[in-house]
Amino acid sequence: MNKQQSGLKLSFLGGVGEVGKNIMALEYNNEILIIDSGLAFPSDDMPGIDLVIPDFTYLANNKRKIKGILITHGHEDHIGALPYLLQELPGVPVFASKLAVALIENKLKEHRKLKVKPICVKPKQVLKLGSFQIEFVKVTHSISGALAFAITTPVGVYFHTGDFKLDYTPIDGEAMDLARLGEISRKGVLLLTADSTNAERPGFSMSERKVGSTLDALFVQNVKKRIIIATFASNVHRIQQILNICEKYGRKIIFTGRSMLNICETASKIGELNFNKDLIVDVNNIDKYNDEQICILCTGSQGEENSALTRMANGEFNRIEIGENDYVIFSSSAIPGNEREINNVINLLYSKGASIIYESLAEVHVSGHAYQEELKTLHTLLKPKFFIPVHGEYRHLRAHANLAKEMGMNDRNILIPELGDTITISKNAIKKSGVVPSGIKLVDGLDISEAGGVVQRDRMQLASEGVCIVTITISAKIAALTSKPDIYTRGFVYIKDNEDVIEEAKDLVLNQIIATNFKTQDWNSIKGAVKKTLQTFFFKRIKRKPMIIPLIIETK
């Protein structure tokens with residue numbers, strides 16, 4: 001019989017000290033609950049990589065302990081890595097809200113070998129998994145179906161907010177269940193982990209309805225223009241408002257962009273998006289309507305390379321040509337790191353004569369994450385004994401920890417986690433108690449690249465320094481060169497301006513090969529010597545470090 005541990009363990013495999021790839025493991029005795037399984041998008045130093053996901057080693061090594069996976073909502077940074085996690089954990093049940101289940105099912109279609117049926121749960125529903133009793137609590141966010149979890153454990157109640165904000169006038173009419181938070185607090189909340197994304201921002205976040213009012217006014221002001229709106233495809237409430245406004249002013253709507261089409265179709269099927277189907281026009285029929293009759297709803301608010309709006313700005317979208325009668329609305333905020341791409345798209349649109357409006361010019365976007373006064377309300381209602389800020393870069397976590405202290409929480413009862421940390425919580429103490437394997441895995445296509453670091457280094461070298469291929473032809477019969485070595489380059493130097501350098505490099509290789517005893521040296525050692533010689537030569541001569549690939553061709 002296993003000895004019962006005295007506390008809960010929370011292991012942080014993602015989502016702390018960073019934005020994206022949110023995932024935590026809650027553990028008691030020999031039982032584990034996983035909360036979320038998100039991804040991040042590749043940075044500029046990851047050429048060719050499609051997705052960045054957490055390292056699941058700890059969970060794979062403890063798969064027999066795992067009772068279930070709880071999903072807070074359907075954003076990619078919370079569900080995007082789920083197919084890869086389920087490859088490691090076949091048969092583990094997944095619990096999520098209606099829209100999140102639909103989005104997960106769409107995602108799993110790309111991974112046909114996975115036979116998983118996510119289980120739909122609702123606010124106020126209670127689920128028992130081993131020693132854990134989970135109550136799902138309605139919260140408001142920028143996507144429908146966002147949930148918080150009140151998890152009753154043998155040690156006490158653990159409350160995890162997921163992503164949330166306090167919107168008292170939400171589009172679906174279902175406000176965050178603050179009354180239930182107060183009731184949970186009366187039982188006593190041992191531990192709170194909470195969204196820290198906007199912990200640096202004072203005041204309250206704006207209601208989603210304010211965006212609707214702003215968009216309505218922009219439609220009135222631009223009644224003769226064709227309106228193009230770029231927004232996050234997952235923001236179903238924003239899309240619902242846009243559809244309502246289009247119907248109000250008699251505009252047809254055209255959806256463009258794969259994710260926009262997929263999410264709108266999915267949300268419509270399950271009743272999360274409601275509109276008159278006669279409003280929708282296929283992009284191929286756009287020429288049948290005047291500009292003032294059309295609103296184009298598209299992806300590309302982040303300047304993504306192959307998105308609909310970027311292709312329009314580049315003049316690469318077959319049916320839509322940007323002109324002076326276009327009014328483009330960026331109903332979004334820039335995700336950190338995307339500013340340059342967004343500005344490039346804006347400049348291209350301006351160059352084609354379009355009028356443009358974005359967040360700094362009008363209230364066309366609101367955040368889905370709580371500001372400081374909303375976080376204070378959360379802490380006041382729940383009155384947790386211990387607190388761990390999550391979901392954000394370190395500065396966000398620190399700001400949230402400081403806010404908790406300002407509200408009277410003892411500094412000893414607050415811990416800021418780092419990636420890989422395990423924190424143990426007992427009834428009377430909280431402490432860092434170890435580390436688990438953490439970090440990232442890189443997805444190239446649909447597969448996880450096991451040689452990710454090596455491949456990335458090679459791609460970066462190719463991108464920054466180019467490649468130099470050396471071909472050496474050797475006669476097997478006489479064990480000697482048949483001709484002078486050839487050198488081919490790509491992305492390295494402009495040959496016509498550097499003929500002397502290339503010829504000198506050929507002579508170096510020739511002299512090295514002539515001095516080689518082919519009977520005693522194997523091909524790999526010859527290749528290695530050529531590579532080293534050219535690396536040294538090119539750096540000394542022109543301060544460049546191309547990837548050097550020696551090829552030995554053996555003739556009879």
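Here are some notes:
- Any hit, region 105-123, residues being among the acidic types (D, E), farther than 23 Å from V16 by Cα and in contact with a Pro (Cβ under 8 Å, 6 or more places away or on another chain): yes
- Residue check for N344: in a helix (DSSP H, G or I) and modelled with pLDDT under 95: yes
- Residues that are surrounded by fewer than 16 Cβ atoms within 10 Å (Cβ to Cβ), out of contact with any strand residue (DSSP E or B) (no Cβ under 8 Å at 6 or more places or on another chain) and in a loop (DSSP other than H, G, I, E, B) within region 489-512 comprise just one, Y494.
- The numbered conditions (1) in a loop (DSSP other than H, G, I, E, B); (2) at pLDDT 85 or above are all true for N2 except (2).
- Which numbered condition T380 fails, given (1) open to solvent by less than 10 Å² (accessible area, probe 1.4 Å); (2) farther than 30 Å from K224 by Cα: (1)
- Summed over region 53-76, residues that are open to solvent by 10 Å² or more (accessible area, probe 1.4 Å) and either small (G, A, S) or touching a His at 6+ places or on another chain (Cβ under 9 Å) (or both) total 2.
- Screening I357, I329, I270, I342 for residues that are out of contact with any Cys (no Cβ under 8 Å at 6 or more places or on another chain), in contact (Cβ under 8 Å) with a residue 12 or more places away in the chain, open to solvent by 40 Å² or more (accessible area, probe 1.4 Å) and not hydroxyl-bearing (S, T, Y) leaves exactly one candidate, I270.
- Criterion: closer than 30 Å to V530 by Cβ and touching a residue at least 40 places away in the same chain (Cβ under 8 Å) - qualifying residue of V470, V436: V470
- Residue in region 303-317 that is open to solvent by less than 20 Å² (accessible area, probe 1.4 Å), more than 21 Å from I346 (Cα to Cα), touching a strand residue (DSSP E or B) at 6+ places or on another chain (Cβ under 6 Å) and not in a loop (DSSP other than H, G, I, E, B) present: no
- Whichever residue in region 383-397 is of a type outside the set (A, V, I, L, M), out of contact with any Asp or Glu (no Cβ under 9 Å at 6 or more places or on another chain) and outside any strand (DSSP E or B) and, among such residues, is most open to solvent (accessible area, probe 1.4 Å): K383
- Conditions (1) open to solvent by 10 Å² or more (accessible area, probe 1.4 Å); (2) over 23 Å from N235 (Cβ atoms); number of the one not met by H141: (2)
- Test: A194 is at pLDDT 95 or above, closer than 21 Å to K124 by Cβ and within 25 Å of the chain's Cα centre (by Cα): yes
- Enumeration of residues in region 456-488 that are open to solvent by 70 Å² or more (accessible area, probe 1.4 Å) and closer than 18 Å to N511 by Cα: I478, T482, K484
- If the condition is being touching a strand residue (DSSP E or B) at 6+ places or on another chain (Cβ under 6 Å) and surrounded by fewer than 21 Cβ atoms within 10 Å (Cβ to Cβ), then region 206-249 contributes N222, K225.
- Scanning region 519-556 for residues that are assigned to a helix (DSSP H, G or I), open to solvent by 60 Å² or more (accessible area, probe 1.4 Å) and of a type in the set (V, I, T) gives a single hit, T536.
- Exclusive hit being on the phi < 0 side of the Ramachandran plot, modelled with pLDDT under 95 and either buried (at least 22 other Cβ atoms within 10 Å of the Cβ) or not charged (D, E, K, R) (or both), set N402, N428, N413: N428
- Residue count, region 273-290 (criterion: surrounded by 14 or more Cβ atoms within 10 Å (Cβ to Cβ) and either more than 25 Å from V236 (Cβ to Cβ) or among the small types (G, A, S) (or both)): 1
The values are calculated or read from the model by the stated rules, or taken from the named source; none is laboratory data. Treat the numbers as computed from the prediction; the structure is a model and nothing was measured. Neighbour counts are summed over all protein chains in view; Cβ atoms, including those assigned to glycine, are modelled from backbone coordinates with ideal geometry. Accessible surface areas use protein heavy atoms only, side chains included; no ligands, DNA or RNA. Shrake-Rupley method; radii C 1.70, N 1.55, O 1.52, S 1.80 Å.
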